[in-house]
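Heads up: the structure comes next, in structure tokens.
The values are calculated or read from the model by the stated rules, or taken from the named source; none is laboratory data. Remember, predicted model here, so these are calculated numbers, not experimental data. Every residue, glycine as well, gets a Cβ built from its backbone with ideal geometry; the counts of neighbours run over all protein chains shown.
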Amino acid sequence: MPESASLETSPPAAASIANAHRIHRPFVILILCVTAPTLILDQLSKIAVKNHMTLYESITLIPNWLDITYTLNPGAAFSMFANGPPWVRIAMLLTLAGAAMIVLIAMLWQCESVNLNAIAFALVLAGARGNFIDRASRGLVIDFVRMHYYDANFPIYNVADSAISVGVALIILASILEGPAPKSSRG
């Protein structure tokens, strides 16, 4: 067999390779353009707050409306599970976050195009990964965005929490815009 013949790819194999690249191209775009920048912004903002503020220090951005307040959250979103035993809380939250990240990566891998749902999944993945990094490295999540109206406070959050919230809102929006699924006819 000539050497050049062994290097050639059969037409079905070439189509299969081209199809794999086409399918996974949205995955790469979403990871590089949505997930990675969001995760980097989350981690850099947490590092800046930790390095330049003391715990519970507050900097007013918009009086009676928006502050940067350095806090540590031992629980999940909005301090849920904060009162449980630390080893159980951390193990449970890391396991749930790990499972969510695996599911989100699988969903992004299967995306055939960059659409609203895909962007939403990429944002939720960035948020889950950002808080996972905090919890795995220090057992606590750094929160610092404090929205309030005078003394009425919304729970303090971070960039990762925002990414998760925006991602979920986009998933809801996409489901509304798509409308109901067509009814299948059974013969």
Problem set entry | Test: A136 is of a type outside the set (F, W, Y), touching a residue at least 24 places away in the same chain (Cβ under 8 Å), within 20 Å of F27 (Cα to Cα) and not in a loop (DSSP other than H, G, I, E, B) | no
Seminar exercise, completed: Given (1) touching a residue at least 24 places away in the same chain (Cβ under 8 Å); (2) in contact with a helix residue (DSSP H, G or I) (Cβ under 8 Å, 6 or more places away or on another chain); (3) in a helix (DSSP H, G or I), Y70 misses just (3)
Problem set entry | Close pairs from the range 39-63: first surrounded by 14 or more Cβ atoms within 10 Å (Cβ to Cβ) and modelled with pLDDT of 95 or more, partner among the basic types (K, R) and part of a helix (DSSP H, G or I), Cβ under 9 Å, at least 6 apart | L39/R129; D42/R129
Seminar exercise, completed: Of the residues in the range 152-175, those that are surrounded by 13 or more Cβ atoms within 10 Å (Cβ to Cβ), of a type outside the set (S, T, N, Q) and not in a helix (DSSP H, G or I) number 3
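Go through the range 84-109 residue by residue and tally those that are within 19 Å of the chain's Cα centre (by Cα) and among the aromatic types (F, W, Y). Spell out the reasoning first.
Keep residues of the range 84-109 that are within 19 Å of the chain's Cα centre (by Cα), which gives 90, 92-109.
Among the residues that remain, those that are also among the aromatic types (F, W, Y) are: 109.
Matching residues across the range 84-109 total 1.
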For this session: With the checklist (1) surrounded by 14 or more Cβ atoms within 10 Å (Cβ to Cβ); (2) more than 30 Å from K50 (Cβ to Cβ); (3) of a type outside the set (S, T, Y) in hand, flag the one item E112 doesn't pass.
Result: (1)
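Please verify whether V141 is under 28 Å from I59 (Cβ atoms), of a type in the set (V, I, T) and in contact (Cβ under 8 Å) with a residue 24 or more places away in the chain, treating the condition exactly as stated. Full working, then the answer.
Details: under 28 Å from I59 (Cβ atoms): yes; of a type in the set (V, I, T): yes; in contact (Cβ under 8 Å) with a residue 24 or more places away in the chain: yes.
Taking the combined requirement at face value, the residue satisfies it.
For the range 143-167, which residues satisfy the criterion of being closer than 22 Å to H52 by Cα and of a type in the set (S, T, Y)? Working first, answer last.
First, pick out the residues of the range 143-167 that are closer than 22 Å to H52 by Cα: 143-147, 155-162.
Across the range 143-167, the qualifying residues are Y157, S162.
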